[in-house]
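The values are calculated or read from the model by the stated rules, or taken from the named source; none is laboratory data. Quick caveat, the model's predicted, so the values are computed rather than measured. Positions of Cβ are generated from backbone atoms using ideal geometry, with glycine treated the same way; all protein chains shown enter the neighbour counts. Remember, those area values only see protein heavy atoms, side chains included, never the ligands or the DNA or RNA. Shrake-Rupley method; radii C 1.70, N 1.55, O 1.52, S 1.80 Å.
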Amino acid sequence: MELAERVQSLTPSSTLAITAKAKALKKEGHDVIGLAAGEPDFNTPEHIIQAAKKAMDEGRTKYTPSGGLPELKQQIQNKFKRDQNLEYRENELIVTIGAKHALFTLFQVLLNPGDEVIVPTPYWVSYPEQIKLAQGKPVFVEAQEDKEFKLTPEQVEQAITDKTKAIIINSPSNPTGVIYSKEELQAIGDVCLKHNITIVSDEIYEKLIYGGHHHMSIAQLSDKLKELTVIINGVSKSHSMTGWRIGYAAGNETIIKAMTNLASHSTSNPTSISQYGALAAYSASEEEVNKMKEAFGERLEKLYQWVTDLPGVSCVKPKGAFYLFPNVKEAAAACGYDDVFDWVEALLEEEKVALVPGSGFGAPENVRLSYATSLDQLEEAAKRIKRFIAKHQTV
C-alpha cells in the first residue's frame with residue numbers, strides 16, 4: 001500500500017537513533033545521563049492536580065466547545081492583559097491540544113500549496129515538518145551564532161518572495177534559549193508590516209527567562225503588529241504540564257475561527273479535565289512557576305560554566321527556556337570526528353551521556369543539552385564529557 005505523499009515527504013528525526021540507543025543502554029542496566037528532555041523535571045503543581053480531580057468528581061467529563069472552555073478563555077484573556085497589556089476577545093482565542101496542535105492547525109488554515117514560511121535556523125524540529133504537511137515550503141534563514149542566533153531585518157527582507165505567507169519568531173527559543181529585544185522585534189516587525197506577512201510568535205517558554213531579562217511579544221509593539229501576529233502559547237513548560245496537552249493561539253478573528261472549525265472536525269475539543277487543570281494554573285498565583293524558574297536559573301549558571309570550560313566548545317549564553325546549544329565542532333574534530341552526530345553517538349556509547357545532535361535543528365555543528373535535570377546529574381555529565389574529550393583528543 002502506497003502512503004500519501006504528504007507523509008512520505010516528512011524528514012525522519014535525526015535524534016531517533018541516539019534516543020533508541022540510550023534507551024537500550026538503560027535497559028541493559030547502564031547509568032545513562034539523558035540531557036535530551038524537552039520538559040521540566042518537576043511534577044505538575046498540586047493545586048492543578050487537585051482541580052482536575054475535583055472536575056472529574058463533579059462529572060465535568062463531557063464534550064466542551066471545540067475552541068475551549070469559555071472560563072478558561074477568560075483566564076487566558078486575563079493572563080494576556082496582566083502580563084503583556086494585550087487585549088483579546090473570546091473569539092480571538094482557541095484552546096488546543098498543546099501548543100504543537102495550535103501550530104499544526106494554524107499552518108493548515110493559513111497555507112496554500114507552495115506558500116512559503118520563513119524559518120530561522122536553528123529551529124524547533126516540528127516547524128518545517130508541519131509546514132510541509134500543510135503543503136507549504138519552509139524557507140530556512142540562518143540565524144548566525146555570532147549574532148546570538150537571531151535574525152536581522154536585512155535577512156528577513158532578503159528571504160521574502162511573492163510567495164512568502166508567514167515568518168516564525170520563537171522567543172525564548174528552542175533550542176538556543178535566546179530572546180529577542182524590543183528593538184530587534186520592532187525592526188523585524190517593520191519588514192513584516194511592509195510586506196503584510198503573518199507573524200507566528202511561539203512564546204511557549206515565556207515564563208522561563210533568567211538574569212533579569214524580560215519577555216516581549218511582538219504583538220505588544222503596535223496595534224498593526226498585533227493584527228498580523230498569531231501568538232502560540234500554553235501551560236506545558238510554564239506549569240510543568242507537558243502531558244496534559246493544553247495550548248492556545250491568540251490572533252485575528254478570521255484565522256481563529258478557521259482554526260476552531262478545523263478542530264471541530266479533527267479533535268472535537270481539548271480534553272475537558274486538562275482544561276480544568278489549565279484553568280487552575282492560570283487562576284492561581286505563580287509561586288510554583290517562580291520556584292521552578294529559580295531552580296532552572298541556578299542550573300543554567302552552573303552548567304554554562306561547566307560546558308564553556310570544555311576544550312573546543314563554545315556556547316552562546318541563553319537567557320530563557322532550559323537548553324544550552326553549544327558548538328562542539330572543534331571538540332569533535334579534535335577527537336577525530338568530522339561529523340558531530342558521530343561524536344555524540346560515541347559519547348553515548350563510551351560515557352553514557354545522551355545529547356541531542358544539532359542536525360535535527362538545522363545546526364549540524366551544535367548539540368542541545370537540557371538542564372531539566374538535577375545539578376548532580378548535570379555536573380556528572382560535564383565530567384564525563386570532559387573525560388571523553390581528554391581521552392580522544394588527538395590535536
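Summary of values
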item: Tally, over segment 329-364, of residues that are polar (S, T, N, Q) and modelled with pLDDT of 95 or more; result: 0
item: First in segment 141-158 and under 20 Å from LYS319 (Cβ atoms) and at pLDDT 95 or above, second anywhere and part of a helix (DSSP H, G or I) and not acidic (Asp, Glu), Cβ under 7 Å, 6 or more apart; result: LEU151/ILE188
item: Only listed residue being closer than 18 Å to ALA143 by Cβ, in contact (Cβ under 8 Å) with a residue 40 or more places away in the chain and not in a loop (DSSP other than H, G, I, E, B), chosen from ARG384, ARG368; result: ARG368
item: Close pairs from segment 244-263: first over 13 Å from ALA99 (Cβ atoms), partner in a loop (DSSP other than H, G, I, E, B), Cβ under 6 Å, at least 6 apart; result: THR260/SER66; THR260/GLY67; ALA263/SER66
item: Selection count, segment 27-69, where residues are within 26 Å of the chain's Cα centre (by Cα) and either without any contact (Cβ under 8 Å) to a residue 24 or more places away in the chain or part of a loop (DSSP other than H, G, I, E, B) (or both); result: 17
item: Scope segment 223-245; condition part of a loop (DSSP other than H, G, I, E, B) and open to solvent by 40 Å² or more (accessible area, probe 1.4 Å); matching residues; result: ARG245
item: Segment 326-348, residues that are under 14 Å from GLY312 (Cα atoms), of a type outside the set (D, E, K, R) and in contact with a helix residue (DSSP H, G or I) (Cβ under 8 Å, 6 or more places away or on another chain); result: PRO326, ASN327, VAL328, ALA331, ALA332, ALA334, CYS335, GLY336, TYR337, VAL340, TRP343
item: First in segment 113-135 and within 20 Å of VAL178 (Cβ to Cβ) and touching a residue at least 60 places away in the same chain (Cβ under 8 Å), second anywhere and of a type in the set (Ser, Thr, Tyr) and in a loop (DSSP other than H, G, I, E, B), Cβ under 6 Å, 6 or more apart; result: PRO122/THR176
item: Subset of segment 23-42 [small (Gly, Ala, Ser) and either farther than 20 Å from GLY243 by Cβ or open to solvent by 60 Å² or more (accessible area, probe 1.4 Å) (or both)]; result: ALA24, GLY29
item: Sole exception among (1) in contact (Cβ under 8 Å) with a residue 60 or more places away in the chain; (2) crowded, with 23+ Cβ neighbours inside 10 Å for HIS213, by number; result: (2)
